[in-house]
Amino acid sequence: MSLSARIARTFGITEGESRPVLIGATLFFVMFAGYFMLRPVRETMGVAGGVDNLQWLFTGTFLATLAAMPLFGWIASKVPRRRILPWTFGFFAVNLALFAIAFQRDPENAWIARTFYIWISVFNLIAISVIWSVCVDLFPSAQAKRLFALMAAGASIGGLVGPLLGIALVGPIGHAGLLWLAAAFLVVGIFIARHLQRWRDAQPAGENLSAQARARPLGGHPFAGITTVMRSPYLLSISLFVLLLASVTTFLYFEQARLVEMKFPDRADQTRVFGTIDVIVQSLTILSQVFITGRLVQRLGMAALLVAVPVVTMLGFVWLAFAPTFAVLAVVMVVRRAGEYAFVRPGREMLFTVVPTEAKYKAKNFIDSVVYRGADAVSGWAKALVDMLAQQPAIAALLGAAIALAWALTGAGLARAQARVEKEPLPEGFDVAGEGLRR
């Protein structure tokens, strides 16, 4: 057996799938390399805006996401499916260039820092959601279960390279230079996505995935994502899962910002600390995605992806309640984030492979952005209120443990629901509120 055949057999890749896996992984790589290069900059700008103001930044992010959704909904309705990603990435690349100019002219302006924090918090969810929308559109459920973890490994490699670039380049080229480089990554991503579309053109997997079908706009109205979610018990369950995930993340994020501000007052040092954490997270994620995730879902099913990390996070919160130190927090943050990227995110995206095409773009993006950022805003104020009333980090940690338990139970229910829907595939255009998703 040749080396390439052994590699394909090891990772569950069948004939003709190596190329799309490589293209998909490369697309994720450039997107995540650019974003994770900027993520430490975002955290630094959040601290610069004042840790006590984080709940306001989260609220501003939610409002900005609400404002952005009709624009994305209009693009998804009017632009051919295969061109939704190029339009979205091109728009964000122009935005990055404008922020780079602003940083060059006034690098210490607190309002520019706050605006950038809000903008990039909207950008990352929409841009990442669009890539996954393309993937769940181009790959049927059976392929997705075998290939998504491998393609997501490209995201993890990008997430590892990005912070390293940020750490190495923040001194020589500054924050503005990092923004210019991230804009270039987005432009490269547009060309890579075209190759993935062309692969599907050559190997259509059903009428809905033909080149002719993907050359047509989705139609509908800009707010279809909201109405589709509200009519579907299945999509509402996914929304609850994302809401709980975001709430857990927010509780840990606020503690991270508070402790980093106390221990590392210099902005460049803060950027390096956040970058170092990202490097550790992505290293663990890559190993998990390449050697564990695919085997886990094939042997134990999707429930393993959607339940394991919430349970571990719950135990981490309990640990943090009794030992509220930066070292413990760093361990819990690393484990939760690595687990989310390696297991929860691929599993969460597989949930969308069984819904109609319009829902894969509009409803999915609504859940990934508006629901996520809405949960951020609400849980941000809840965390601030708990801190103000209790004056004890342990109280917030135990509340976080309770939220993580609810997250695990929701994931278990979703895994069962996805298995039922997969056995009864919906015809294109079927109302996602129909009986096929109610059972």
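General remarks:
- Farthest toward positive dipole pole in the range 118-245 [+1 Lys/Arg, -1 Asp/Glu at C-beta], among L186, I173, S232: S232
- Using alpha-carbon coordinates, inclination of helix 110-138 to the longest axis of the chain, degrees: 20 degrees
- Within the accessible area of the range 105-240 (1.4 Å probe), percent carbon and sulfur: 68 percent
- For R216 and L63, the difference between the fully extended length at 0.36 nm per residue and the C-alpha to C-alpha distance is 52.0 nm.
- GNM result for the chain, Cα springs below 10 Å: residue of A323, A224, A144 fluctuating most strongly: A323
- Qualifying chymotrypsin sites (Phe, Trp or Tyr not before Pro) in the range 53-137, where qualification requires a DSSP coil assignment and no more than 15 other C-beta atoms within 10 Å, are lacking entirely.
- Max mean-square fluctuation residue, GNM over the chain, Cα-Cα springs under 10 Å, options R272, R198, R345: R198
- For the pair R295 and F191 in one chain, pulling the backbone fully straight at 0.36 nm per residue adds 34.3 nm over the alpha carbon distance.
- For the chain: accessible area per residue (Å², 1.4 Å): 39 Å²
- Centre-to-centre separation between the Cα atoms of the range 278-323 and those of the range 71-137: 29 Å.
- For the chain, the longest principal axis of the Cα atoms and the long axis of helix 267-288 meet at an angle of about 30 degrees.
- FRET efficiency, 1/(1 + (r/R0)^6) with R0 51 Å, evaluated for T276 and R19 via beta carbons: 0.90
- Accessible-area order (highest first, 1.4 angstrom probe) of the listed residues K423, K360: K423, K360
- Whole-percent carbon and sulfur share, accessible surface of the range 327-430, 1.4 Å: 71 percent
- Counting only alpha carbon atoms, the long axis of helix 141-202 and the longest principal axis of the chain meet at about 20°.
- Each of A184 and M230 was given a label point 7 Å from its Cα along the Cα-to-Cβ line. The distance between the two points is 4.6 nm.
- Where GluC sites (Glu not before Pro) in DSSP loops with at most 12 other Cβ within 10 Å are excluded, longest remaining stretch of the chain: 109-427
- Calculated FRET value between F223 and A168, using beta carbons and R₀ = 35 Å, to 0.05: 0.20
- Label of the coordinate-derived value, Rg/Rh (Cα atoms, Kirkwood Rh), listed as [x] 0.95; [y] 0.99; [z] 0.97: [x]
The values are calculated or read from the model by the stated rules, or taken from the named source; none is laboratory data. The structure presented is a predicted model; accordingly, all values stated were derived computationally and were not measured. Glycine also receives a Cβ, built like all others from the backbone with ideal geometry; neighbour counts cover every protein chain displayed. Heavy atoms of the whole protein, side chains included, go into the accessibility calculation; ligands, DNA and RNA do not. Shrake-Rupley method; radii C 1.70, N 1.55, O 1.52, S 1.80 Å.
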